[in-house]
Amino acid sequence: MQLHECKTKNDKPVFSLLEHEGVKWLTSKRFEEMTGFRLAIATRFGGVSSGIYESLNFSVSQGDDPDLVKENFVRFGHATGIQAENMVVSQQTHTTHLRCCTKEDRGKGAVRHRGYTDVDGLYTDEPRLGLTISFADCVPVFFADPKKKVIAAVHSGWRGTVGKIGSKMALLMQEQYGCSPDDIYALIGPSICQDCYEVDEPVAARFREVYKEEQWPLLLVQSEKQKETGHYQLDLWEANRINLVDAGVSNDHIIMTNLCTCCNPNLIFSHRATKGRRGVTVGTIWMP
């Protein structure tokens, strides 16, 4: 399968495409080698959903059959090695709310009732617990500290990014678990690239309020035509990298995606590419 990879500062491959019994997913061998932990990011292939949800959809919020979604979790878990009964899934509403996950949370949002809402970030020191974030253009960010045995994952759309959810999670790991920022690794996962992500002036203004003026030219690019409409191309990848560095994470420990969801809508669901007619994918991280 041909992946459309975007040009970034990365000088090494970022993702590998794996397959088992028809289920295809992405992982980052670099991230797994750095941390010793496991990472799996689903594609659209190997599930049982149909129509606009074809085929590996992980959300009922767009109208898919709950039984089919549950079966998709089961198939994804079986293929990747983290069973659906051991996953815990966020319930995202574009907040910066973070939730500690324990063994009592196993299966929540995947094969049993969640019991919580408004959670865009998950963290744990529990082994064999798959922290699972959903997305369809927004930025998934995965964290790992192999020394303290702590993992985390956040969903960072533009609201979460301007709210600095990535910084908040990295700082929480330091405060709650005693993680050193030098020991934290992070991966910014597949999501919409700057070339595909056009925003209006009110959104751009929010970023100018939060980020330093010298960072604006990187985050907000405007063509001559866009100057007339007040629109910009927003770089969520770079903004999330800045958020991580602000919390003390080393640039050398940050793996930046080179895979845009909007450029690859046949591989990963994209809200923009399909004008909202789509399913939702997930990424999960766990300690073996």
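The values are calculated or read from the model by the stated rules, or taken from the named source; none is laboratory data. These figures come from a predicted structure and were not determined experimentally. Note: ideal-geometry Cβ built from the backbone for every residue, glycine included; neighbour counts use all protein chains shown.
Residue-level check: of (1) over 17 Å from Ala42 (Cβ atoms); (2) touching a residue at least 60 places away in the same chain (Cβ under 8 Å), Asp252 misses just (2). Residues of the stretch 211-234 that are under 23 Å from Pro140 (Cα atoms), in contact with a Lys or Arg (Cβ under 9 Å, 6 or more places away or on another chain) and touching a residue at least 24 places away in the same chain (Cβ under 8 Å): none at all.
Can you confirm whether Ala170 is surrounded by fewer than 23 Cβ atoms within 10 Å (Cβ to Cβ) and either free of Cβ contacts under 8 Å to residues at least 60 places away in the same chain or farther than 24 Å from Lys275 by Cβ (or both)? No: the conditions fail for Ala170.
Remark: pairs (first residue in the stretch 89-107, touching a residue at least 60 places away in the same chain (Cβ under 8 Å) and assigned by TED's automatic domain parsing to the domain that holds Asn72; second residue among the β-branched types (Val, Ile, Thr) and assigned to a helix (DSSP H, G or I); Cβ separation under 8 Å; 6+ apart in sequence or on different chains) = Thr96/Ile165; Leu98/Ile165. Applying the set (1) farther than 28 Å from Tyr177 by Cα; (2) β-branched (Val, Ile, Thr); (3) in contact with a His (Cβ under 8 Å, 6 or more places away or on another chain) to Ile133 leaves exactly one unmet item: (1). Is it the case that some residue within the stretch 235-257 is assigned by TED's automatic domain parsing to the domain that holds Phe142, at pLDDT 95 or above and in contact with an Asp or Glu (Cβ under 7 Å, 6 or more places away or on another chain)? Scanning the stretch 235-257, I find at least one residue that is assigned by TED's automatic domain parsing to the domain that holds Phe142, at pLDDT 95 or above and in contact with an Asp or Glu (Cβ under 7 Å, 6 or more places away or on another chain), so the answer is yes. Look at (1) aliphatic (A, V, I, L, M); (2) under 28 Å from Leu122 (Cα atoms); (3) in a helix (DSSP H, G or I) and you find that Ala205 fails only one, number (2). Would you confirm whether or not the stretch 45-62 contains a residue that is modelled with pLDDT of 95 or more, in a strand (DSSP E or B) and either charged (D, E, K, R) or outside the structural domain of Asp137 (by TED's automatic domain parsing) (or both)? No, every residue in the stretch 45-62 fails to be modelled with pLDDT of 95 or more, in a strand (DSSP E or B) and either charged (D, E, K, R) or outside the structural domain of Asp137 (by TED's automatic domain parsing) (or both).
Scanning the stretch 218-227 for any residue that is assigned to a strand (DSSP E or B) and farther than 30 Å from Gln83 by Cβ turns up at least one such residue.
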